[in-house]
Amino acid sequence: MTKARTRWPRQRDAEAPTTSGETVAADRVDVVDLETCLSACAAHSTKLVASLDRRRIALAEALRTLLATHAATVPATSGTSPLPLLRRPAKVSSGSALLLGDALMDPLLAVGDKALDCGYEDETKLALMVADTVLTQRKRSRAGWRLRARVLEAMGAESAAAAAFERHLELTEEDGFGVASKVAGLREGARLQAELVRRLAAGCPEARELADRSVTDSWAQGLELHARGAWDEARPLLIGTLLGQIAADAPVREIQQTLTHYLGLLREEAGVAGGGSAPTAGRAAAGRTGSARPAGFTDPSELAELTTLYAEQRRARMRGPVDDPTFGGVRWLTLGEFRNRIAGKSICLIANSKRVGNSSLGAEIDDYDLVVRFNSYRIDPAATGRRTDIHATIHKHGFNWDQHVDTRLVFGGISGDWKYSLRNRLVAGAQSYLGDESLRWPVRDIGRVSRDVWPSIPTSGFNMLWLLDFLDVSPRLDLIGFDFYESGAYRLPAAMRLPITSVHEYTSEKAWVMERAQSVTDTRICLR
């Protein structure tokens with residue numbers, strides 16, 4: 001049998017930990033000037049040369065974009081030569097410090113996102129620096145607070161992360177990223193963890209006296225005693241280690257590792273299947289003969305309750321609480337069932353473009369049997385019409401998920417991420433029908449259109465349009481306002497700051513549409 005790897009708890013004295021053992025203020029943003037951040041980004045970029053890690057490759061590309069944008073904008077804004085980015089800049093007076101303009105904002109945030117995605121210590125520290133740089137100059141930046149919250153969560157500083165997430169929520173009207181659910185999950189997970197630890201400590205009072213010891217030494221000694229069969233002596237040391245970690249406000253992931261290991265040992269001692277090994281002879285004998293239970297014995301019902309608490313607090317952190325697991329009795333649609341629901345009906349797809357927002361097409365749009373809208377669509381009855389029958393959206397944000405529609409199709413390329421988003425972002429009662437996994441990624445999964453044929457990521461609009469064209473059951477299929485963002489975006493106010501992402505290739509999508517168009521006007525493209 002393969003022995004599980006031992007994880008040694010680390011001694012911590014910090015109030016809120018970082019990946020390097022430093023402290024992170026829960027209520028204060030460290031002041032970082034833009035020059036320092038750009039210098040750090042340039043220095044980090046040199047470390048990523050020839051990296052084979054796809055996440056670091058993506059970060060390297062984001063860094064190149066940021067530095068190129070900076071080099072192009074500094075002369076125009078300051079009249080001076082670009083900052084020498086490969087060395088730490090000298091201190092400058094506040095009057096000559098670089099300002100974070102709109103041109104640098106999105107590239108800088110993209111660096112923070114890609115750095116956080118890497119999951120390594122150096123990149124996590126870079127992501128925190130980016131967040132603090134943004135918030136130093138733009139204290140009310142929603143994206144800055146959300147990035148900082150995500151970094152703190154990754155570092156295990158949950159209370160600081162929740163506070164930053166809540167600051168983000170205070171500044172936005174539309175919770176398009178499911179932040180409220182995230183905060184609720186963090187709070188509920190912390191509450192359940194505290195209850196689990198309280199019950200462990202209540203069952204072993206002597207553990208509190210050991211909480212001030214070095215957690216590393218206590219854990220090592222406890223494991224050694226357990227290996228020798230002295231569970232009653234090991235138990236106070238192991239629980240004392242857990243209490244010591246909590247007192248030092250250790251990162252959540254470290255506390256979770258200790259809890260996981262301890263409960264595994266506890267289940268092993270109780271002889272529960274999956275505990276790690278067979279029960280000791282003493283435990284088995286006590287169970288068979290009815291002899292007195294040892295001091296460290298855990299009743300099976302108590303062990304079941306502890307295990308349930310552990311599972312619930314892990315689940316809450318990962319997915320957030322769900323008041324209604326059936327989401328209002330939503331009915332799942334397969335590809336065939338979706339086909340039957342749209343067969344024989346006229347359909348219009350409404351672009352989120354200024355061409356629609358500035359029009360007076362509302363009445364014509366509402367005359368179609370089915371109206372399809374996308375992602376962060378915006379309703380202006382005179383211009384866009386009133387109805388939304390089908391909402392087609394990417395899974396990565398939750399704009400308009402609270403608006404009631406007959407059918408919601410959520411698109412996503414990675415099954416696990418798609419499922420996670422559905423569980424965390426669906427609003428109970430906001431849809432009658434929901435596309436199942438057969439409708440998750442139409443162009444790739446149904447059409448089998450590979451990256452070799454279509455390298456870019458298909459948009460929500462193209463996935464929906466391709467699906468309707470593939471099913472070919474609608475007597476009328478019109479695209480309204482599809483100018484592929486030539487006129488600009490027309491979205492919910494909270495989504496207007498989102499960039500028109502470069503991962504999509506609108507030229508190819510436009511060419512695909514025009515090859516199939518039956519007629520074209522300034523506002524309407526007819527495919528049937």
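No lab work stands behind these numbers, since they all come straight from the coordinates. A quick note: this is a predicted structure, and the numbers were derived from the prediction, not measured. So basically every Cβ, Gly included, is an ideal-geometry build from the backbone, and we count neighbours across all protein chains shown.
Modelled label positions at Asp380 and Asn340, each set 7 Å beyond Cα in the direction of Cβ, lie 4.1 nm from each other.
Quick check on packing: order 121-133, 446-458, 213-225, 371-383 by the mean number of other C-beta atoms within 10 Å, highest mean leading.
Peptide ranking by packing, descending: 121-133, 371-383, 213-225, 446-458.
Counting 0.36 nm for each residue step from Ser450 to Arg524 and taking away their Cα separation leaves a gain of 23.7 nm.
Residues whose amide H lies under 5 Å from that of Arg524, counting only those 5 or more places away or on a different chain, are Gly481; hydrogens are built 1.01 Å from N in the peptide plane.
What full-extension length gain, to one decimal in nm, is calculated for Glu437 and Ala72 as 0.36 nm per residue of separation minus the Cα-Cα distance?
Between Glu437 and Ala72, full extension yields 127.0 nm more.
Report the calculated FRET efficiency for Thr507 and Thr308 (r = Cβ-Cβ distance, R0 = 51 Å), to the nearest 0.05.
Once rounded, the FRET efficiency stands at 0.40.
Applied to segment 452-464, the Karplus parametrisation 6.51 cos²θ - 1.76 cosθ + 1.60 on θ = phi - 60° returns per-residue 3J(HN,Hα) values of 5, 7, 9, x, 7, 6, x, 6, 4, x, 6, 4, 5 Hz, with x for Gly and Pro.
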